[in-house]
1. Name the single residue, out of those in segment 136-146 being touching a residue at least 12 places away in the same chain (Cβ under 8 Å) and touching a strand residue (DSSP E or B) at 6+ places or on another chain (Cβ under 7 Å), that is surrounded by the most Cβ atoms within 10 Å (Cβ to Cβ).
2. Restricting attention to segment 193-203, which residues are crowded, with 18+ Cβ neighbours inside 10 Å and either over 17 Å from Asp2 (Cβ atoms) or of a type in the set (Phe, Trp, Tyr) (or both)?
3. Of everything in segment 116-130 that's acidic (Asp, Glu) and closer than 17 Å to Glu203 by Cα, which residue is farthest from the chain's Cα centre (by Cα)?
4. Go through Glu56, Glu85 for me and flag whichever is over 24 Å from Glu188 (Cα atoms) and either touching a residue at least 60 places away in the same chain (Cβ under 8 Å) or not aromatic (Phe, Trp, Tyr) (or both).
5. Being buried (at least 19 other Cβ atoms within 10 Å of the Cβ) and either of a type in the set (Lys, Arg) or farther than 26 Å from Glu192 by Cα (or both), is that true of even one residue in segment 106-114?
6. Going through segment 147-159 one residue at a time, which ones are surrounded by fewer than 23 Cβ atoms within 10 Å (Cβ to Cβ) and either in a loop (DSSP other than H, G, I, E, B) or not hydroxyl-bearing (Ser, Thr, Tyr) (or both)?
7. Before we move on, is Phe6 over 17 Å from Arg140 (Cβ atoms), in contact with a helix residue (DSSP H, G or I) (Cβ under 9 Å, 6 or more places away or on another chain) and among the aromatic types (Phe, Trp, Tyr)?
Amino acid sequence: MDLLYFVDERLKFIRYFYESTVAVFQETIRKIEAGEPPYVDTRDPEYADEPAFLEEWQNADAAVNIAGATCLELLQSTFHSYLDEYMREIGQVHLRAQLREMKKKSWFGNYRALFVEVLAIDWNASGADIDLLEQVILARNDFTHNLEFTHLKAYQTPAHSEKYPNSAFADPRWRTLMFKGPPLVVTEETLERATTTLHQLCEYLERERGKFIWRLRANRRGETSKA
């Protein structure tokens, strides 16, 4: 099966979803800030104690955040499903039992270690930014498990900030926040980097898959001839 084809189809959808969804809310924010119809402030300035259309602005801003978080969820599930299918394609489904034995505290770390130690495939050799992919997963976890109840923001958790103090998903406008980690944001530029990186890694793994299967068959032929 051409696993890379299905990865790329999913990545195309992620880009499409982000661009078409976020654009709507960003346009709402722009109109509010520019005072364009239908967001024209007709209040008497003397009695205006907060910015006009504040609730609408906050809802649009939260929607941008949630759309970004959804894209990270899709990126993570794409990569996890790819690795699962990868193991099936090379006929090494039994190795799933060894994943937990890697003891790297995450499925990402376990898979990465398994590929190196058992399959002799080093993800770093792909040239892809593996750290960025791990940040995708950590940021996704923060959005999923630590979304603020009052305003739909997720902040970088201690575990995330300890490993990546300058996370690609930390909002640069809030890096000086002291009482908790900076809020997380998924920008178009960062999402594009992440999708490109995942493609680059999977493209490399597909090449290595062919080599692995060839070596496996060669070893079996060698064992058969000896018998």
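The values are calculated or read from the model by the stated rules, or taken from the named source; none is laboratory data. The model shown is predicted, which means the values in this text are computed figures rather than measured ones. Using ideal geometry, Cβ is built from the backbone for each residue, glycine included, and neighbour counts are taken over all protein chains shown.
1. The qualifying residue surrounded by the most Cβ atoms within 10 Å (Cβ to Cβ) is Ala139.
2. Here is the first cut: in segment 193-203, the ones crowded, with 18+ Cβ neighbours inside 10 Å are 194-195, 197-198, 201-202.
Ala194, Thr195, Thr197, listed by residue number.
3. Just the residues of segment 116-130 that are acidic (Asp, Glu), to begin with: 117, 122, 129.
Remaining after also requiring closer than 17 Å to Glu203 by Cα: 122, 129.
Values: Asp122: 20, Asp129: 12 Å.
Going through the qualifying residues, I end up with Asp122.
4. Working: Glu56 fails: over 24 Å from Glu188 (Cα atoms).
None of the other options fit; the residue is Glu85.
5. Yes, the conditions are met somewhere in segment 106-114.
6. Restricting attention to segment 147-159, the residues satisfying the condition of being surrounded by fewer than 23 Cβ atoms within 10 Å (Cβ to Cβ) are 147-153, 155, 157-159.
Hits for segment 147-159 are Leu147, Glu148, Phe149, Thr150, His151, Leu152, Lys153, Thr157, Pro158, Ala159.
7. Values: over 17 Å from Arg140 (Cβ atoms): yes; in contact with a helix residue (DSSP H, G or I) (Cβ under 9 Å, 6 or more places away or on another chain): yes; among the aromatic types (Phe, Trp, Tyr): yes.
When the stated conditions are applied, Phe6 passes them.
So that you can scan it fast, the table gives a plain yes or no per residue for (1) under 19 Å from the mean Cα position of the chain (by Cα); (2) hydroxyl-bearing (Ser, Thr, Tyr); (3) modelled with pLDDT of 95 or more; (4) on the phi < 0 side of the Ramachandran plot:
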{"residue": "Glu36", "(1), (2), (3), (4)": "no, no, yes, yes"}
{"residue": "Tyr39", "(1), (2), (3), (4)": "no, yes, yes, yes"}
{"residue": "Thr42", "(1), (2), (3), (4)": "no, yes, no, yes"}
{"residue": "Ala67", "(1), (2), (3), (4)": "yes, no, yes, yes"}
{"residue": "Thr78", "(1), (2), (3), (4)": "yes, yes, yes, yes"}
{"residue": "Tyr82", "(1), (2), (3), (4)": "yes, yes, yes, yes"}
{"residue": "Lys105", "(1), (2), (3), (4)": "yes, no, no, no"}
{"residue": "Phe108", "(1), (2), (3), (4)": "yes, no, yes, yes"}
